[in-house]
Structures are given as C-alpha cells and as structure tokens.
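> My structure is below; once you've seen it, I'll send some questions.
Read the figures in this text as sums done on the coordinates, not as results from a lab. Quick caveat: nothing in here was measured; it's all calculated off a predicted structure. In this analysis, Cβ positions are derived from the backbone assuming ideal geometry, glycine residues included, and neighbour counts consider all displayed protein chains.
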Amino acid sequence: MAIDVIVFDLKDDEREFFKKNDLQFFNFTFYKESLDSEFVKTIPQEIKDKARVISVFTDSIVSEDVIKEFKNLRIISTRSTAYDHINQKAACERNIAVLNVPNYGEKSVAQFTFCLIFALVRNLLPAGINHLKNEETIGRDISKMSIGIVGTGAIGGAVCKIADFFNMKTYGYDLRIKQELIDKYNIEYLPFDELLKKSDIVTVHIPYTCDNFRMFSDREFNLMKWNSYFINTSPLKLINTESLYNALKSGKLKGAAVDTINCQYKNEMCNLHKSVTELCDEEEKYLNLLKTLDNVIITPHLAYNTKEALNYILEYTINQIRENIQGGNIYGIM
C-alpha cells in the first residue's frame, strides 16, 4: 500500500527528480507553495486526512496549528539541515517524527563561499561595473590572507580544505575541536573573539538556534580587523543587519557577502521580544541599504543550489522516510 506524502515548496528542479525516479512506494501530492497557517486551510480535507508524511523546506512554517490540520500525520520531513521552522514540541506530543538532512551540499556551499571571497577580495563588482572609469580595482592575493571559519562541521571543514589548498592561514571556532582538521589542514582553533581579531576574512557556517540570534552585532564587527571581509552563508538571523551596514559604511569592513532568504523568523519557536512584522521590517530596511553598496554581495540562498546537492537531498529524504516507515534506524533529527 502506497504512503500518502504531501510535498510543499516544490521547485522545478525537484519536480524533474520525481518525474525521473520510480517511487511506487509513495503517493505524492505536490504544492509549489509553502506550508503555513493560511495555506493549510486551502488544502482539501481529504488530502490532509490521508497524509501520513509532509515534506517541506525552510520557507514553510509548521506551527502547532498547522500540525493539528493533519489527523493521521506520522512524519514531518524537512529537505534542509535547519528545522527551526517546525514546532518540534507539538510534533512530539502527537508522536510525529521530525526528520532533517544532516549534511548536504558541503562541497557546493564551500565552493560558493570562495566564489564570494574572490569576488570581494579581487574587487570584481567595481571592476565589472566601472571598468571604463579607470577606478581603483586592485585586489589582494588570498594566499597572503588569514581566514576565520566560524563553525567547522561538514561545510566549515570543506571550506578549510579549500583554504589549505590556497595556502591561507586558517583559524577555526567551534564548540567541538576537530582533530582531523588540525592534522590534515593545520587549522588553528581560537576563542571566538580572538578569531575575529586575527582574521582577514570571517566566514560563518553554523546553524541558527534561539541562543545565537544576532550573534554578529556591533560588538563583534568592532572586534574584527580593519579592512577585513565578512561572509555569511548561514541563516540571516545570525546577523544584525544594521550593525553590518554600519560596519561597512564606517570603513571597518572592506566588504561583505550574504546568501539569504528574507524574513525567516518563527516567534512561536523562540521568544525574540519583537513581533515578526517588526523583525522583518527592520531586516528589510537594512538589506535594502546594503544593496546600495558596491562592496556588498547579496544572493538569494544559492550556496547549496547545485544539481548534485539537490539530488542528494531528495534521495536522502526519500530513503529516510522509507526507512522510518519500515521501522529502520533513522528516527529523528540529526
């Protein structure tokens, strides 16, 4: 008997995956829209009642009210590592498994990180825009620069490998020191503040938790070296965008790059002392100001977005759901 699965946030590339693969174990219903408390009301009740699995991306907000709409739900699967868009407490109370993709696209994200670094360090934006104006476009040799990697998990480790290839001095900050990175790539682990003070480039590769909301604010940017660079391919909630804008306008930072989706706050999961509207308005204001600067790159959450990474995510997700339903070893977030 096929398992009814509703897939939300469906992208064109993902649709191609489902067309090309024979997945007879499942009966899929697809929506390109994100799941939230408003859209769930538009789904026919018969489809919701049959669903045993829902699959979402980070654009969806799976709140307690949303979960209540699915009477026979057994699995919430997110096609992402992050899972703060899912109310785990509400899922647990219903004995619903929450599944994520613990590691994916580390090579893709690491490569994209260095695309951003090269674009900034070699002044590609001013050079490309003003190439007929005879303006200053001199860049720097990254082999003479130091890089500080905040978060040395799968993605940070892949960044470390590339940095080592370019003979960069590499610093790392993580709650758990990875001896294998020290042995292979000669990374030097430092306390967080020391890493900020010593790095020519700071790149962030950690998941968002309620505890690290806006961990990069005035204090952190003030600690960084003059004329240093800041790269963030992690959730934008880690950054105070006003502080980043001020650090760039003051000349403290030479350049910055942010790979982001706008307004990804879920106040029901974290008590942030501001409404979603206030947080989104504030973030949007300074993102728009950042876009006016020629030493800033803002991309729409592209770092992981390669065909190889997308296929891996979908294959892992399908196998994980199948394993869970059949009583295998994969039971929850990792």
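> Per residue of the stretch 47-57, in order, report the coupling 6.51 cos²θ - 1.76 cosθ + 1.60 (Karplus, θ = phi - 60°) as ³J(HN,Hα) in whole Hz, putting x for Gly and Pro.
Running phi through 6.51 cos²θ - 1.76 cosθ + 1.60 with θ = phi - 60° gives 5, 5, 5, 7, 5, 9, 9, 10, 10, 9, 10 Hz.
> So what is the relative contact order of the stretch 174-318, in percent, for Cα pairs below 8 Å that sit 6 or more residues apart?
Contact order relative to length: 19 percent.
> Here's another thing I want to ask about it. Find the relative contact order for the chain and round it to a whole percent, using C-alpha pairs within less than 8 Å whose residues are 6+ positions apart.
Relative contact order for the chain comes out at 16 percent.
> Can you tally the net charge around ILE6? Count Lys and Arg as +1, Asp and Glu as -1, for every other residue whose Cβ sits under 10 Å from the Cβ of ILE6.
Within the 10 Å Cβ shell, the charges total +2.
> On a 0 to 90° scale, report how tilted helix 276-290 is relative to the longest principal axis of the chain, with both axes built from alpha carbons and the result rounded to the nearest 10.
So the helix axis and the longest Cα principal axis differ by about 40 degrees.
> Ok, one more. In degrees between 0 and 90, to the nearest 10, how far off the longest principal axis of the chain does helix 106-121 point, with axes built from Cα atoms?
Approximately 30 degrees, to the nearest ten.
> Hey, can you rank 151-157, 87-93, 69-75 by average C-beta count inside 10 Å, highest first?
151-157, 69-75, 87-93
> Scan around ILE297 for amide H atoms under 5 Å from its own, H built in the peptide plane at 1.01 Å from N, and keep only partners 5 or more places away or cross-chain.
Under 5 Å from the amide H of ILE297: ALA256, ALA257, VAL258.
> Return an integer: the convex hull volume of the alpha-carbon atoms of the stretch 1-116, in Å³ per residue.
Spread over its residues, the Cα hull of the stretch 1-116 gives 123 Å³ apiece.
> Another one. For the stretch 1-160, calculate the relative contact order in percent as a whole number, restricting contacts to Cα pairs under 8 Å that are 6 or more residues apart.
17
> Within a Cβ distance under 9 Å of SER55, other residues only, what is the Lys/Arg minus Asp/Glu net charge?
Once positives and negatives cancel, what remains is 0.
> When the Kirkwood radius is taken over all Cα pairs of the chain, what Stokes-Einstein diffusion coefficient follows at 20 °C and 1.002 mPa s, in µm²/s?
Estimated via Stokes-Einstein, D reaches 100 µm²/s.
> Among the lysines in the stretch 167-242, how many pairs, 8 or more places apart or on different chains, have alpha carbons under 23 Å apart?
Here the count comes out as 12.
> Put a dot 7 Å past each Cα toward the Cβ at ARG176 and GLN45; how far apart are the dots in nm?
A separation of 4.7 nm, rounded to one decimal place.
> Which whole-Hz ³J(HN,Hα) couplings does the stretch 172-179 yield from phi under the Karplus relation 6.51 cos²θ - 1.76 cosθ + 1.60, θ = phi - 60°, glycine and proline marked x?
x, 10, 7, 5, 10, 6, 9, 4
> Return the ratio Rg/(2.2 N^0.38 Å) for the stretch 164-261, where Rg is computed over Cα atoms only.
With N residues counted in the stretch 164-261, Rg over 2.2 N^0.38 Å equals 1.08.
> So what are the radius of gyration and Dmax for the Cα set of the stretch 148-200, in Å?
Expressed in Å, the Cα Rg and Dmax of the stretch 148-200 come to 9.7, 26.
> Can I ask one more? TYR171's amide H: which non-local residues (gap 5+, or another chain) put their own amide H closer than 5 Å, with H modeled 1.01 Å from N in plane and none for Pro or chain starts?
Result for TYR171 returns ILE147, GLY148, ILE149, GLU188.
> Okay, moving on. Near ASN212, within a Cβ-to-Cβ distance under 12 Å, what is the net charge of the other residues, with Lys and Arg +1 and Asp and Glu -1?
Around ASN212, the surrounding residues sum to -1.
> Using r as the Cβ-Cβ distance of GLU278 and LYS11, and R0 as 41 Å, what FRET efficiency do you calculate, to the nearest 0.05?
Computed FRET efficiency for GLU278 and LYS11 comes out at 0.85.
> How far is helix 154-165 tilted off the main Cα axis of the chain, in degrees rounded to 10, range 0 to 90?
For helix 154-165, the angle is close to 30 degrees.
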